[in-house]
1. How large are Rg and Dmax for the chain when only the alpha carbon atoms are used, in Å?
2. Strictly over 20 Å apart at the Cα level, which of Lys15/Lys378; Lys71/Lys122; Lys20/Lys262; Lys262/Lys323 would you flag in this model?
3. Can you compute the charge dipole magnitude of region 31-187 about its Cα centre, using +1 on each Lys and Arg Cβ and -1 on each Asp and Glu Cβ, nothing else charged? Give it in debye, rounded to the nearest 20.
4. For Asp329 paired with Lys71, estimate the spin-label separation in nm (one decimal), with each label point 7 Å from Cα along the Cα-to-Cβ line.
5. Express the relative contact order of region 71-152 as a whole percentage, based on alpha carbon pairs under 8 Å and six or more residues apart in sequence.
6. Anyone know which of Gly171, Gly292, Gly126 comes out most mobile in the 10 Å Cα GNM of the chain?
7. Counting helices only, and only those DSSP H runs with n ≥ 4, report the 222 nm mean residue ellipticity of the chain as the sum of -39,500 (n - 2.57) divided by its residues, in deg cm²/dmol to the nearest 500.
8. Quick one: among Ile103, Ile242, Ile11, which has the greatest mean-square fluctuation in a GNM of the chain with alpha-carbon springs under 10 angstrom?
Amino acid sequence: MTSPIHVTSEIGKLKTVLLKRPGREIENFTPDMMPRLLFDDIPYLPIAQKEHDYFADTLRDNGVEVLYLEKLAAEALDAAGDEVRDAFLEQMLTESGYAAGTIHDALKEYLGSMNNQDMVNKIMEGIRKNEVDFVPTDLVSAAETENYEFYMDPMPNLYFTRDPSACIGEGLSINHMTFPARQRESLFNEIVIKYHPRFANQGVHVWRDRNHDTRIEGGDELVLNDHVMAIGVSQRTSADAIQDIAKSLFKEGHFDTVIAIKIPHNHAMMHLDTVFTMINYDQFTVHPGILGEGGHIDTWTITPGQNGELNLDHRTDLKQVLKDALKLDDLDLIPTGNGDPIIAGREQWNDGSNTLAIAPGVVVTYNRNYVSNDLLRKHGLKVLEVISSELSRGRGGPRCMSCPIVREDI
Ligand SMILES: NC(=O)NCCC[C@H](N)C(=O)O
């Protein structure tokens, strides 16, 4: 059986991608909620949607089939029927803090009265207290802070479809995310894979599901080729989760190497793909700020050991590590902002390192990172720029905003 998922590299011609069009969730919050929701500003929704449509059109114009998470999630529930819809809603309410009780019942009634698409959209955009016809009188509800506006928080990070799941080979990881602001997101990916006719019973292998305590996010998961992965040890992905998924990939897949790369644990560089992306057979973007003296950085090359255990080889010469793993004589590491510390810092902040390769040597980037983009062109790449004033306020670029489902082999 051919799996509907096929991703054996970061650069093979992109055939199908999963996006989420920004909806009300990206403006349904106040400045004091921003740090918790992992946003640095509140985007202007109409322009963010225009920019996102431009991004989607750029992909379509280049032969990519664009799928939307919000649509697939509703279709999955339509196909699955009432029992699954009820279980999904219960799980979503439980993970939103309402396993039982009067608020649980009121929210269930409110959401339960909607059709699947409206219910999915509503859960994504968040539920304010004043929109539910319910006055809590029980002790638990009454004890809650009066002035918090929401029963269920919005999920503004959903347009970064890269993170809650990651397609690897013929399967995927459905991720247990680090921060509460994003943890419910992967429930949508789970129902799509389990129940959408395009994916259900089609031989999709789940390398690692969301029922884990250890954390991993797709922005850290890079498929370098059909047997080598790079995974960031980052603010969002723990060493335990990397070792766990490595065991699964080695045991049940065609992978034999995982390169763990330690990056600074901070908000600006929350995932490996904010500082390092593969853009051609032998070319990568890299933010100079992650490299120490002489271009060094901590890496561990993980390979299968005895009895299902792992061998780990600690090395610090990133270029040599990549050359060895990919069997290349030379490698072009292209510095964000052309290596200038001010420009590199500014353009990395606006995702200048976060490119989406749609074919070997062809990348989609934000237009605002003009120094990095010019440098990519000088290194022979074809650069397709997309507009980025509002989308970039969420701290993610074209790779973050896309989850490749099918790529041609390289
Ligand atoms: N792969 C990525 O780097 N995704 C960007 C995620 C940005 C989002 N505001 C977050 O902090 O999770």
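1. Values for the chain (Cα only, Rg and Dmax): 21.1, 70 Å.
2. On the way: Lys15/Lys378 27 Å; Lys71/Lys122 13 Å; Lys20/Lys262 29 Å; Lys262/Lys323 18 Å.
Cα-Cα > 20 Å for Lys15/Lys378; Lys20/Lys262; rest within.
3. 260
4. If labels sit at Asp329 and Lys71, their model points lie 4.7 nm apart.
5. Dividing the mean separation by the residue count of region 71-152 yields 31 percent.
6. Gly292
7. On the way: 13 runs with 129 residues, N = 410.
Result for the chain: -9000 deg cm²/dmol, rounded to the nearest 500.
8. Its mean-square fluctuation being the largest, the pick is Ile103.
Only the coordinates and a few stated rules stand behind these numbers; no lab work does. Please read all numbers here as calculations on a predicted model, not as lab measurements. Methodologically, a virtual Cβ is constructed for each residue, glycine included, from the backbone with ideal geometry; neighbour enumeration extends over all protein chains shown.
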